[in-house]
Amino acid sequence: MPFLTPSRAQADVGGAASNPSSVAWPSSAHRCWQEFIASLIGRARAVPTPHALRQWSPLAAEPESVAIDSLNQAVMIADASARLVAVNPAFSAITGYASDEVLQRNPRLLKSGRHDDTFYAALWARLQHDGVWQGEIWNRRRDGTLFPAWQTISLVRQAGGEVARYVSVFSDISALKPTEAQLWHLAHHDPLTGLPNRLLLGDELERSMSRARRHDQPLALLFIDLDGFKAVNDRLGHQAGDEVLRAVGARLRQAVRAEDAVARLGGDEFIVVLEEIAGTAAAHEAARKLRQAIGQPVPMGGQMISVSASIGVALYPDDGHDAEALIHAADGAMYRGKPGASPAPSRPA
């Protein structure tokens with residue numbers, strides 16, 4: 001990760017933006033980590049000038065340096081000019097750089113290109129204000145491959161307040177990424193149908209409305225409620241009901257374009273978001289086609305199971321200016337469209 005001076009923080013960056021805010025750790029782990037960083041900062045003051053340094057050996061006189069050499073976390077120390085004066089063996093193991101390849105060089109040699117100037121400016125501001133920055137960042141190895149790191153950067157100041165050293169400790173968290181992605185998917189998707197859930201729908205709908213505003217085009221939201229689904233559950237059991245829900249979810253996904261959103265709110269309720277819709281007539285024609293797709297029988301155990309659907313249509317911006325208002329409007333339209341419907345019940349927005 002590059003230690004950038006304020007001017008370089010604005011000029012020497014590129015790539016996708018990322019949020020530099022730190023991730024909350026359990027308080028006990030956080031205290032242990034801060035104590036470890038504090039001990040490194042104390043030792044950093046004893047590190048000699050870059051031209052006199054070849055290995056981590058300047059700290060070898062202290063018993064604690066044996067533990068530092070054994071750490072799985074990479075440690076690097078830079079002087080006030082952001083030139084590296086010390087690295088530990090884990091740094092070389094993680095990055096592929098030998099110590100004599102990086103001494104006197106700026107840590108920006110690890111820069112991945114995935115973060116933009118906003119990221120580095122925020123990182124630098126936090127470091128200058130608090131004396132420490134901690135968060136996830138992408139770095140580059142000597143062979144050019146990128147890896148995610150959990151990194152802490154701390155300032156070591158002289159008695160007069162001038163910066164004496166930068167101390168950085170980081171871990172390669174590549175192995176955690178698949179688990180992180182899996183957990184994210186579980187948190188944002190319906191486990192039965194694999195469709196986005198209400199949480200992810202809210203994000204996708206906000207982005208769709210933003211595009212609609214930018215291109216001055218309407219957007220349609222269709223609220224779908226299955227008719228006769230309770231009878232399937234009651235007569236054939238919940239396993240049969242689950243099969244029907246999976247089939248409906250797959251049919252909805254197949255019936256719309258890749259750029260359109262399909263989500264399951266829960267129970268027998270689904271949402272479809274259609275971008276760049278021509279208007280009210282086009283939205284109702286889309287609803288008719290979806291109703292037809294849903295009504296196709298679902299084969300199960302030698303019999304055919306059929307359900308129908310009531311669909312309410314709401315258009316952005318005519319029927320709502322935010323996600324919840326639009327969902328509420330389509331929900332009400334769906335209830336009013338049910339055969340023999342009474343006035344729509346009051347439901348939370």
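List the strands (runs of 3 or more DSSP E) that sit entirely inside segment 218-307 and contain at least 1 residues that are farther than 27 Å from residue 199 by Cβ. Before you say what the answer is, go through the steps one by one.
Details: elements: 219-227, 261-266, 269-274, 298-300, 303-305.
Passing ranges, in order: 298-300, 303-305.
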request  = Filter segment 245-268 down to residues that are surrounded by fewer than 17 Cβ atoms within 10 Å (Cβ to Cβ), under 26 Å from the mean Cα position of the chain (by Cα) and under 17 Å from residue 233 (Cβ atoms), then give me how many there are.
outcome  = 1
message = Which numbered condition in (1) without any contact (Cβ under 8 Å) to a residue 40 or more places away in the chain; (2) not assigned by TED's automatic domain parsing to the domain that holds residue 107 is the only one that residue 160 fails?
response = (2)
query = In segment 289-303, what residues are under 16 Å from residue 226 (Cβ atoms) and either modelled with pLDDT of 90 or more or not assigned by TED's automatic domain parsing to the domain that holds residue 247 (or both)?
reply = 290, 291, 292, 293, 294, 295, 296, 297, 298
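Looking at the structure I just gave you, is residue 193 assigned by TED's automatic domain parsing to the domain that holds residue 331, in contact (Cβ under 8 Å) with a residue 12 or more places away in the chain and either more than 20 Å from residue 91 (Cβ to Cβ) or not in a loop (DSSP other than H, G, I, E, B) (or both)?
Numbers: assigned by TED's automatic domain parsing to the domain that holds residue 331: yes; in contact (Cβ under 8 Å) with a residue 12 or more places away in the chain: yes; either more than 20 Å from residue 91 (Cβ to Cβ) or not in a loop (DSSP other than H, G, I, E, B) (or both): yes.
So residue 193 passes the test.
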query = How do the pairs read when you match residues in segment 317-338 that are closer than 19 Å to residue 213 by Cβ with residues anywhere that are loosely packed, with under 15 Cβ neighbours inside 10 Å, using Cβ under 6 Å and keeping only pairs 6 or more apart or on different chains?
reply = 323/206; 324/349
query = Does segment 163-179 include one or more residues that are in contact (Cβ under 8 Å) with a residue 12 or more places away in the chain and of a type in the set (Asp, Glu)?
reply = yes
Residues satisfying the stated conditions in segment 133-170, i.e. within 18 Å of residue 83 (Cα to Cα), among the aliphatic types (A, V, I, L, M) and either surrounded by fewer than 14 Cβ atoms within 10 Å (Cβ to Cβ) or within 24 Å of the chain's Cα centre (by Cα) (or both) = 153, 169
message = All but one of (1) assigned to a loop (DSSP other than H, G, I, E, B); (2) at pLDDT below 95 hold for residue 43; state the number of the condition that does not hold.
response = (1)
task = Can you confirm whether segment 104-119 contains a residue that is more than 31 Å from the chain's Cα centre (by Cα) and either among the polar types (S, T, N, Q) or crowded, with 17+ Cβ neighbours inside 10 Å (or both)?
result = yes
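The values are calculated or read from the model by the stated rules, or taken from the named source; none is laboratory data. All values reported here derive from a predicted model rather than from experimental measurement. All Cβ positions, even for glycine, are placed from backbone atoms using ideal geometry, and neighbour counts span all protein chains on display.
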